[in-house]
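Worksheet for the structure shown next.
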Amino acid sequence: MTANARRLAYFERWVDPVAEEMLRARPEIDLIRLAYADSGGDNAATMARAHGYQIAPRTELREPWFADASLLRRCPQLLAISSTGAGFDMVDVAACTAAGVIVCNQSGSNKEAVAEHALGLMLALAKNIGATDRALRRTAGLERFAYTGRELAGRTVGIVGIGQIGTRTAALCRGLFGMTVLAHDPYLSDAEVATRGAAKVPLDELLARADFVSVHCPRNEETFGMFGAAEFARMKPTAYFVNTARGGIHDESALAAALAGRRIAGAGLDVFLVEPPAPDHPLLAFENVIATPHIAGITEEALRNMAAAAAEQWITLFAGRVPPRLVNPAAWPLYSQRFEALLGIRPDPLPGGP
């Protein structure tokens, strides 16, 4: 191990071993595996000395290892936190910025997997695949015309959040089925949304026009609970709601009420507020709900892509360069000072500031 080794800690395992292979080949990086079952004191002592923290996905993450202000106080040498995939809702970004800790994600590394899953949920709903599969297993002499489906061709899809996953979803819907693609994204201009293959519209208009509403925005203070009773009431009674982003973006009780009242046609859900949901979760009782246990981004290809992207990003930032998927650039000035004090070199300046 070299002088001024960069200590990178993680719990249990990476989503694909390629990351460990890449990082263990770097003599300047001290890769440290921790286990949740180990002594809290031992883990705390190791984390207190760590320069980097590869944080587990929310579903697998355990207390007290969420990246909140408390953890930052306990880890005075921490310089950077990296998420497994695109989501980083287990990280208090504001607290990290104030502490001079940068946050990175792996946005785009699983876009194909999630976009395909969203499309799969749309197809399963429109074709009644889940309901007919269950009915066929328990009903003799099934009346097949009772399960007449619908085609996606020529329908309208409304995409909420048209980042990398939303853009790929738009391309699939448009290219495979000739769907009209609407998008709501307050952080992009009409022209930027157009280059991503959609027409920008207000959320109310999207809800009123879409045959499928597909959610692809991050979960944060702005989006938590953004789909409630009022939003489901604005959807067409023949429309479907699909969420492969994060639980909590939709109000589960409001969605259950909308389904019970037949105010929408069905829902495809890969995410829940508490994961995995209990088998008796109210939403799992509906025949017109297709549910999966937060696996949209879990394919062999995506797991390898995410792990490799994270490893490459750690190698980049520990070399003093700007990581490609930096979430909080406002932290860079203080981070640079802390990086130099702890590791002896000054990181590159951030292109364009601050």
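The condition of being in the same structural domain as Leu23 (by TED's automatic domain parsing), basic (Lys, Arg) and under 15 Å from the mean Cα position of the chain (by Cα) holds for only one of Arg325, Arg321, that being Arg325. Mind listing whichever residues of the range 34-56 are in a loop (DSSP other than H, G, I, E, B) and under 27 Å from the mean Cα position of the chain (by Cα)? Answer for the range 34-56, where residues must be in a loop (DSSP other than H, G, I, E, B) and under 27 Å from the mean Cα position of the chain (by Cα): Ala35, Tyr36, Ala37, Ala50, His51, Ile55, Ala56.
The set of residues from the range 210-237 being more than 15 Å from the chain's Cα centre (by Cα) and either hydrophobic (A, V, I, L, M, F, W, C) or outside any loop (DSSP other than H, G, I, E, B) (or both) comprises Ala210, Phe212, Val213, Met226, Phe227, Ala229, Ala230, Glu231, Phe232, Ala233, Arg234, Met235. State whether the residues of the range 82-90 include one that is more than 16 Å from the chain's Cα centre (by Cα) and buried (at least 19 other Cβ atoms within 10 Å of the Cβ). No; the residues of the range 82-90 include none that is more than 16 Å from the chain's Cα centre (by Cα) and buried (at least 19 other Cβ atoms within 10 Å of the Cβ). When the range 244-267 is filtered for residues that are outside any loop (DSSP other than H, G, I, E, B) and either outside the structural domain of Ala135 (by TED's automatic domain parsing) or under 16 Å from the mean Cα position of the chain (by Cα) (or both), only His250 remains.
Tell me yes or no: at least one residue of the range 134-154 is closer than 25 Å to Lys200 by Cα and part of a helix (DSSP H, G or I). Checked against the condition, which is being closer than 25 Å to Lys200 by Cα and part of a helix (DSSP H, G or I), the range 134-154 yields no hits at all. Taken together, Ala296, Ala291 contain a single residue that is under 17 Å from Phe227 (Cβ atoms) and modelled with pLDDT of 95 or more, which is Ala291. Cβ-Cβ distance below 9 Å, separation of 6 or more or different chains: which pairs start in the range 186-200 with a residue that is in contact (Cβ under 8 Å) with a residue 40 or more places away in the chain and more than 16 Å from Val215 (Cβ to Cβ) and end on one that is loosely packed, with under 13 Cβ neighbours inside 10 Å and not β-branched (Val, Ile, Thr)? Note: no pairs meet the criteria. Pick from Ala302, Ala296: which is in contact (Cβ under 8 Å) with a residue 40 or more places away in the chain and either within 25 Å of Gly149 (Cα to Cα) or assigned to a loop (DSSP other than H, G, I, E, B) (or both)? None of the other options fit; the residue is Ala296.
Can you work out which of the residues in the range 141-165 that are modelled with pLDDT of 95 or more and on the phi > 0 side of the Ramachandran plot is nearest to the chain's Cα centre (by Cα)? The selected residue is Gly161. I'd like to know if the range 54-74 contains one or more residues that are assigned by TED's automatic domain parsing to the domain that holds Ala311, farther than 30 Å from Gly248 by Cα and either touching a residue at least 12 places away in the same chain (Cβ under 8 Å) or among the hydrophobic types (A, V, I, L, M, F, W, C) (or both). Scanning the range 54-74, I find no residue that is assigned by TED's automatic domain parsing to the domain that holds Ala311, farther than 30 Å from Gly248 by Cα and either touching a residue at least 12 places away in the same chain (Cβ under 8 Å) or among the hydrophobic types (A, V, I, L, M, F, W, C) (or both), so the answer is no.
Of the residues making up the range 73-96, those that are under 20 Å from Asn110 (Cβ atoms) and either basic (Lys, Arg) or part of a loop (DSSP other than H, G, I, E, B) (or both) are Ser83, Thr84, Gly85, Ala86, Gly87, Phe88, Asp89, Met90.
The values are calculated or read from the model by the stated rules, or taken from the named source; none is laboratory data. Note that the structure is a prediction, hence the values are computed from the model and not measured. Every residue, glycine among them, receives a Cβ derived from its backbone with ideal geometry; neighbour counts consider all protein chains shown.
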